[in-house]
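Every number here is computed from the coordinates shown, using simple stated rules; none is lab data. Given the structure is predicted, the values throughout are model-derived calculations rather than measurements. All Cβ positions, glycine included, derive from the backbone under ideal geometry; neighbour counts span all protein chains shown.
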Protein chains: 2
Amino acid sequence: MIELAHDRTLTVELGERSYPIHIGVGLLNRSDSFVPYLAGSQVMIVTNETVAPHYLDTLRSSLPGHLDVRAVVLPDGEQYKTIEQVGRIWDALLEAGFNRRCTLIALGGGVIGDMVGYAAASYQRGVAFIQVPTTLLSQVDSSVGGKTGVNHPLGKNMIGAFWQPKAVVVDIATLTTLPARELSAGLAEVVKYGFIRDAAFLAWLEQNMTALRRVEPEIVAEAIAKSCQIKANIVAEDETEQGVRALLNLGHTFGHAIEAHQGYGNWLHGEAVGAGMAMAATLSHQLGWISADALERTKKVIESAGLPLVAPTGMSSDDFLTRMRLDKKNVDARLRLVLLNDLGDACVSDATPIETLRQLLDDYPRG
Amino acid sequence: MIELAHDRTLTVELGERSYPIHIGVGLLNRSDSFVPYLAGSQVMIVTNETVAPHYLDTLRSSLPGHLDVRAVVLPDGEQYKTIEQVGRIWDALLEAGFNRRCTLIALGGGVIGDMVGYAAASYQRGVAFIQVPTTLLSQVDSSVGGKTGVNHPLGKNMIGAFWQPKAVVVDIATLTTLPARELSAGLAEVVKYGFIRDAAFLAWLEQNMTALRRVEPEIVAEAIAKSCQIKANIVAEDETEQGVRALLNLGHTFGHAIEAHQGYGNWLHGEAVGAGMAMAATLSHQLGWISADALERTKKVIESAGLPLVAPTGMSSDDFLTRMRLDKKNVDARLRLVLLNDLGDACVSDATPIETLRQLLDDYPRG
């Protein structure tokens with residue numbers, strides 16, 4: 001097994017709800033990755049049909065034998081991120097007679113993490129959970145910050161809660177079974193952190209993109225740790241998204257519209273965010289906020305991560321606008337977008353005239 | 001219209017989540033009961049088919065005309081306290097395009113309040129709501145303390161969240177349309193506050209029970225204010241039920257078992273709690289904690305409130321024990337019960353041997 005020189009641990013600072021993020025190779029095989037964070041002896045592992053064959057037995061055998069460990073295996077895919085699937089988790093908890101001191105473990109990508117987090121937030125008005133993200137996307141994004149929830153036919157992530165895990169355990173070895181397309185989708189969020197907050201990290205990513213796509217452990221660990229640190233800092237500043245946390249939505253207003261229009265799961269979340277960031281950068285350039293060179297650099301790093309720059313064929317400007325109005329970042333129907341002042345410096349703005357936005361959407365390439 | 005000499009306002013002290021409880025006659029007709037607590041211009045009133053004909057139009061016409069006010073009318077009854085009905089609220093919010101600055105108003109009894117609170121807690125990860133309880137039970141109990149949620153086929157209130165309202169508006173005029181049986185069910189919680197925490201209030205209730213059952217406004221207002229104050233003090237001490245708040249569950253472990261066994265809605269919650277408190281007092285006496293006289297006084301006040309003392313015919317000791325094990329107050333399968341040290345002094349105890357409990361259940365009268 002590949003060994004990192006040093007495992008890394010970060011802390012998300014949220015007062016009494018603070019929690020650690022452990023990053024390393026082989027953490028799934030170690031009981032001390034989990035035992036300190038269990039609320040009691042009842043443990044429910046929730047995973048999906050894709051991840052279970054690879055890692056469910058490994059995780060099970062890392063948990064001490066005296067615990068009452070159960071598992072729920074859900075179908076895989078964003079289209080199953082529904083209240084009905086969360087209901088299956090609640091059913092399993094109640095059928096097992098699990099009480100308020102049970103602990104849920106989310107073993108899988110962002111969909112599993114979001115659903116398990118929401119299931120934990122609402123079971124008996126709130127129980128403990130541990131995030132074990134197995135995709136790059138969930139390792140750098142959804143497992144940090146406490147946003148949990150499910151989709152509704154009328155909008156993504158419309159039902160949910162803020163609920164913090166007791167710990168996040170990132171085992172980089174899980175990336176060896178991740179398809180390349182999903183790795184790229186995860187890189188969308190990694191480059192996003194560079195765009196919104198850290199020009200030096202963006203430059204480092206431009207240098208190391210090939211190594212990242214080859215999953216070189218030290219480089220991947222560095223990228224995950226840096227990404228989690230940036231996100232953790234932002235979340236600590238603004239846990240419930242009243243201010244700076246909104247910057248994390250760079251590319252997401254466009255991206256959510258793409259995902260909803262295409263049907264959840266057809267475009268990966270990271271792919272939609274990749275195209276969405278390219279659209280936000282293009283708009284930022286058209287508003288005169290970033291230079292043509294900066295726009296080109298933005299597009300190049302998105303493309304080098306293996307992500308699409310263009311919007312989906314057959315998605316009209318009206319399709320975008322309809323979906324964007326329902327986006328929950330819009331307060332009192334004013335359209336708020338995350339745009340770039342510069343590379344490494346994003347801002348939230350409601351200054352875009354609707355005509356400018358429509359022109360961008362009309363002109364933007366499809367493919 | 002009946003006028004009280006003075007409207008009463010209490011505050012539930014929860015730091016930045018503190019909120020007022022306004023108690024008076026005719027508050028539903030006043031816009032200043034609601035306007036200070038609206039987060040924005042979008043308002044969704046949620047009520048049920050029983051309450052809507054009496055009070056929906058009144059509430060609507062108390063809200064300023066420039067607001068975007070919608071309404072959802074759900075079926076009435078504990079059997080509709082389900083995640084599916086909460087889903088209807090979410091559907092209505094999304095169909096109306098309501099954003100994070102919307103406000104939900106719960107107009108109805110405890111079932112409406114609990115469901116609307118949970119709908120608000122989970123809509124876009126949390127929006128504002130106002131409680132307008134229209135039954136005595138919800139006025140003195142479920143509208144104070146932030147417990148929200150729904151039932152599951154395998155247990156009552158198993159799915160939910162702690163979520164505080166922005167305000168509670170108690171209009172005593174709504175009690176004039178409340179059936180006597182439901183008034184008695186509300187009195188169960190009122191006398192409970194006397195039993196657990198306040199012997200002087202218990203004595204006052206013994207004196208004023210006839211006036212309470214006749215809904216004399218000054219007496220009812222006093223009972224509601226005192227009840228809310230006791231509950232508010234307990235909730236402020238222990239918001240998430242780690243300690244003293246558990247005392248509020250006097251009679252509820254037996255009561256929940258009765259409700260679940262009978263099918264939700266056949267016994268009213270307050271009726272089940274009435275019988276449950278009589279059972280808890282009987283057990284307290286058998287353990288030697290309260291005198292025979294105190295037990296008799298307990299039974300008499302429960303009976304004078306119009307509540308049952310006996311358990312349901314056909315509910316076996318095993319039926320009780322099976323249901324009680326699933327009760328969420330039991331941590332790691334140790335049976336925790338709220339019992340009486342004295343009238344006005346309750347405690348949480350896990351000291352009851354299972355044989356003693358079974359004997360009580362075997363001997364306890366049914367009817």
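Any idea what the A:Arg214 label distances to the other copies are, label 7 Å down the Cα→Cβ vector, nm, shortest first?
Inter-copy label distances (nm, one decimal, shortest first): 9.1.
Which entries in the list A:Lys156/B:Lys147; B:Lys166/B:Lys299; A:Lys226/B:Lys166; A:Lys231/A:Lys300; A:Lys231/A:Lys299 go over 32 Å, if you measure between the two C-alpha atoms of each?
Working: A:Lys156/B:Lys147 26 Å; B:Lys166/B:Lys299 37 Å; A:Lys226/B:Lys166 39 Å; A:Lys231/A:Lys300 23 Å; A:Lys231/A:Lys299 22 Å.
Long pairs (Cα-Cα over 32 Å): B:Lys166/B:Lys299; A:Lys226/B:Lys166.
Across all directions of projection, what mean area in square nanometres is found for the Cα convex hull of segment B:265-367?
Result: a mean projected hull area of 6.6 nm².
Treat every Asp and Glu Cβ in segment B:180-363 as -1 and every Lys and Arg Cβ as +1, leave all other atoms uncharged, and give the resulting dipole magnitude about the Cα centre to the nearest 20 debye.
With only Lys, Arg, Asp and Glu charged at Cβ, the dipole is about 160 debye.
If you fit an axis through the alpha-carbon atoms of helix B:269-286 and take the longest principal axis of the Cα set of chain B, what angle between them do you get, 0 to 90°, nearest 10?
The helix B:269-286 is inclined about 30 degrees to chain B.
Take the Cβ-Cβ distance between A:Gln359 and A:Arg214 as r, set R0 to 30 Å, and report the resulting FRET efficiency rounded to the nearest 0.05.
That gives a FRET efficiency of 0.15.
To test your reading of the geometry: what angle, between 0 and 90 degrees and rounded to tens, separates the Cα axis of helix A:83-95 from the longest principal axis of chain A?
On a 0 to 90 degree scale, this one is about 10.
If you take the alpha carbon radius of gyration of segment B:180-363 and divide it by 2.2 N^0.38 Å, what ratio comes out, to two decimals?
0.98
Order these by the 10 Å Cβ neighbour count, fewest first: A:Thr253, B:Thr82, B:Thr210.
Ascending number of Cβ neighbours within 10 Å: B:Thr210, B:Thr82, A:Thr253.
In whole Å, how far is the Cα centre of segment A:18-44 from that of segment A:170-192?
What the calculation gives is 21 Å, centre to centre.
Run the label-point distances for A:Asp68 please: 7 Å along Cα to Cβ, every other copy, nanometres, shortest first.
4.7
How large is log10 of I(q)/I(0) for segment A:8-176 at q = 0.13 Å⁻¹ when the intensity is taken from the Debye formula with one equal scatterer per alpha-carbon?
Per q value, in the given order, log10 I(q)/I(0) is -0.54.
Take A:Thr176 and B:Gln286, extend 7 Å from each Cα along the Cα→Cβ direction, and tell me the distance between the two endpoints in nm.
A separation of 6.1 nm, rounded to one decimal place.
Where does the protein assembly as shown land at 222 nm, in deg cm²/dmol rounded to the nearest 500, when only DSSP H runs of n ≥ 4 count, each adding -39500 (n - 2.57), divided by all residues?
So the helix-based figure for the protein assembly as shown works out to -13500 deg cm²/dmol.
For the pair A:Gln79 and B:Ala351, how long in nm is the line joining their label points, each one 7 Å along Cα→Cβ?
Between A:Gln79 and B:Ala351, the simple spin-label model gives 6.0 nm.
So, R0 is 22 Å and r is the distance between the beta-carbons of B:Glu95 and A:Leu321; what FRET efficiency does that work out to, to 0.05?
With a Förster radius of 22 Å, E is 0.75.
How many angstrom lie between the C-alpha centres of segment B:250-278 and segment A:69-129?
Cα centroid of segment B:250-278 versus Cα centroid of segment A:69-129: 29 Å apart.
Apply 1/(1 + (r/R0)^6) to the Cβ-Cβ distance of B:Ser62 and A:Ser18, taking R0 = 51 Å, and write down the FRET efficiency to the nearest 0.05.
On the way: r = 44 Å, r/R0 = 0.86.
E between B:Ser62 and A:Ser18, to the nearest 0.05, is 0.70.
Mind sorting B:Glu84, B:Glu13 by how few other Cβ atoms lie within 10 Å of their own Cβ, fewest first?
Least crowded to most crowded, the residues run B:Glu84, B:Glu13.
Taking only the alpha-carbon positions of the protein assembly as shown and ignoring solvent, what does the Debye formula give for the base-10 log of I(q)/I(0) at q = 0.05, 0.12 Å⁻¹?
Log10 I(q)/I(0), no solvent term: -0.28, -1.28.
Sort shortest first the distances from A:Gln286 to its counterpart in every other copy, using label points 7 Å along the Cα-to-beta-carbon line, and give them in nm.
Computed spacing set for this position: 7.7 nm.
Short version: ³J(HN,Hα) in whole Hz for each residue of segment A:233-243, in order, from phi by Karplus 6.51 cos²θ - 1.76 cosθ + 1.60 (θ = phi - 60°), x for Gly and Pro, what are they?
4, 5, 5, 5, 5, 7, 4, 9, 6, 8, x
In debye, nearest 20: dipole of segment A:209-288 around its Cα centre with unit charges on the Cβ of K, R (+) and D, E (-)?
200
Select from A:Leu175, A:Gly251, A:Tyr80 the residue farthest towards the positive end of the dipole of chain A; place +1 on Cβ of Lys and Arg, -1 on Cβ of Asp and Glu, and compute about the Cα centre.
Going by the Cα projections, it comes out as A:Tyr80.
Between 0 and 90 degrees, rounded to the nearest ten: what's the tilt of helix A:354-363 against the longest Cα principal axis of chain A?
Compared with the principal axis, the helix lies near 90 degrees.
For segment B:267-290, list residues with backbone N below 16 Å from a point placed 7 Å from the Cα of B:Asp238 toward its Cβ?
Answer for this model: none.
Can you give the percent of C-alpha pairs in segment B:94-213 whose distance is more than 22 Å?
Percentage above 22 Å: 42.
Let me know the Rg and Dmax you get for chain A when you use only its Cα atoms, in Å.
19.9, 64
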